[in-house]
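The block underneath contains the structure these notes are about, expressed in structure tokens.
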Amino acid sequence: MDEICAIDREVLGDFSRSKQIRLAIQEKRCIIKQNEHGIAGFLIFTNDFFEHSFISLVIVQNSERRRGVAASLIEAYVEIAITPKIFSSTNQSNTAMPQVFEKTGFIKSGIFENLDEGDPEIIYVKLST
């Protein structure tokens with residue numbers, strides 16, 4: 001747990017999500033991607049987004065970015081998701097994540113305003129076939 005929280009701190013700059021991350025791990029709602037050096041990244045999900053699966057957080061160590069870690073985490077979750085629609089989101093300012101969503105078969109589904117001032121949240125969905 002500590003290593004996962006440390007990765008989140010490296011990316012976020014603080015430990016503000018540690019409680020949320022620890023709870024997801026305890027509830028078995030966390031997928032971890034490892035490499036030869038340890039944990040490369042992790043994904044946290046829920047199953048209560050309007051009764052659909054939702055990827056709430058994808059974090060990849062800075063040193064492991066652009067190596068397919070986020071896509072492999074998302075693909076692993078898609079395999080175990082319990083609903084036919086899987087949602088996720090990213091801030092409009094995050095220019096890398098839309099490419100990952102496209103690569104893993106997600107499409108834009110909408111926008112939430114006013115979560116982060118001046119940075120809309122773009123909603124994505126993957127529809128199972």
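The values are calculated or read from the model by the stated rules, or taken from the named source; none is laboratory data. Small disclaimer: the values here were computed from a predicted structure and weren't measured. Methodologically, a virtual Cβ is constructed for each residue, glycine included, from the backbone with ideal geometry; neighbour enumeration extends over all protein chains shown. Surface areas here come from the heavy atoms of the whole protein model, side chains and all, with no ligands, DNA or RNA. Shrake-Rupley method; radii C 1.70, N 1.55, O 1.52, S 1.80 Å.
Inspect all residues belonging to the range 54-74 and state whether any of them is out of contact with any helix residue (DSSP H, G or I) (no Cβ under 9 Å at 6 or more places or on another chain), assigned to a strand (DSSP E or B), modelled with pLDDT of 95 or more and crowded, with 16+ Cβ neighbours inside 10 Å.
Yes, some residue in the range 54-74 is out of contact with any helix residue (DSSP H, G or I) (no Cβ under 9 Å at 6 or more places or on another chain), assigned to a strand (DSSP E or B), modelled with pLDDT of 95 or more and crowded, with 16+ Cβ neighbours inside 10 Å.
With the condition kept exactly as written, say whether any residue in the range 86-105 is open to solvent by 50 Å² or more (accessible area, probe 1.4 Å) and either among the β-branched types (Val, Ile, Thr) or more than 27 Å from residue 127 (Cα to Cα) (or both).
Let us first name the residues in the range 86-105 that are open to solvent by 50 Å² or more (accessible area, probe 1.4 Å), namely 92-95, 99, 102-103.
Within this subset, residues satisfying the condition of being either among the β-branched types (Val, Ile, Thr) or more than 27 Å from residue 127 (Cα to Cα) (or both) are 95.
Yes, the range 86-105 has at least one match.
Show the residue pairs meeting these rules: Cβ distance below 6 Å; 6+ apart or different chains; first residue within the range 77-105 and more than 12 Å from residue 47 (Cα to Cα); second residue open to solvent by less than 40 Å² (accessible area, probe 1.4 Å) and assigned to a helix (DSSP H, G or I).
90/97; 100/70; 100/71; 103/71; 104/71; 104/74
Given 28, 33, which one is open to solvent by 50 Å² or more (accessible area, probe 1.4 Å), on the phi > 0 side of the Ramachandran plot and either touching a residue at least 24 places away in the same chain (Cβ under 8 Å) or not in a helix (DSSP H, G or I) (or both)?
Details: 33 fails: on the phi > 0 side of the Ramachandran plot.
Step by step, each of 28, 33 is checked, and only 28 is open to solvent by 50 Å² or more (accessible area, probe 1.4 Å), on the phi > 0 side of the Ramachandran plot and either touching a residue at least 24 places away in the same chain (Cβ under 8 Å) or not in a helix (DSSP H, G or I) (or both).
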